[in-house]
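Below is one structure, written out as structure tokens, with a few remarks after it.
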Amino acid sequence: MGLGGISIWQLLIILLIVVMLFGTKKLKNMGGDLGGAVKGFKKALNEEENDAAVKKAAQEDSTQKEISHKA
């Protein structure tokens, strides 16, 4: 048994049907587009995390300056 009761032969038959329907060139283009989308999504997540870290550091720095001015 394979994934969730699906055998390797059933997966191969499904793959064959998909290739016959779409063709290898179209599947290659779709795979490239999907890879580009995932790469862009990961880049956006990393940029958002970096922006959040910079804002937090700036906020902590300004808080420290306020505390030192009051003292």
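Since every read-out is calculated from the coordinates, none of them should be taken as a lab result. Just so it is clear, the model here is predicted, and its values are computed rather than measured. Backbone-built Cβ (ideal geometry, glycine too); neighbour counts: all protein chains shown.
Odds and ends about this structure:
- FRET efficiency estimate (nearest 0.05) - Cβ-Cβ, Leu34 to Gln10, R0 22 angstrom: 0.40
- Correct option for Cα extents along the principal axes in Å [calculated from the coordinates] among (1) 75, 31, 9; (2) 35, 31, 14; (3) 32, 19, 19: (1)
- Count of Lys pairs (Cα-Cα under 30 Å; at least 8 positions apart or interchain) in the chain: 19
- Each of Leu27 and Ala58 was given a label point 7 Å from its Cα along the Cα-to-Cβ line. The distance between the two points is 4.8 nm.
- Most mobile of Leu16, Leu27, Leu45 in a GNM of the chain (Cα contacts under 10 Å): Leu16
- Net charge of Cβ neighbours under 15 Å - reference Ala53; Lys, Arg +1; Asp, Glu -1: -4
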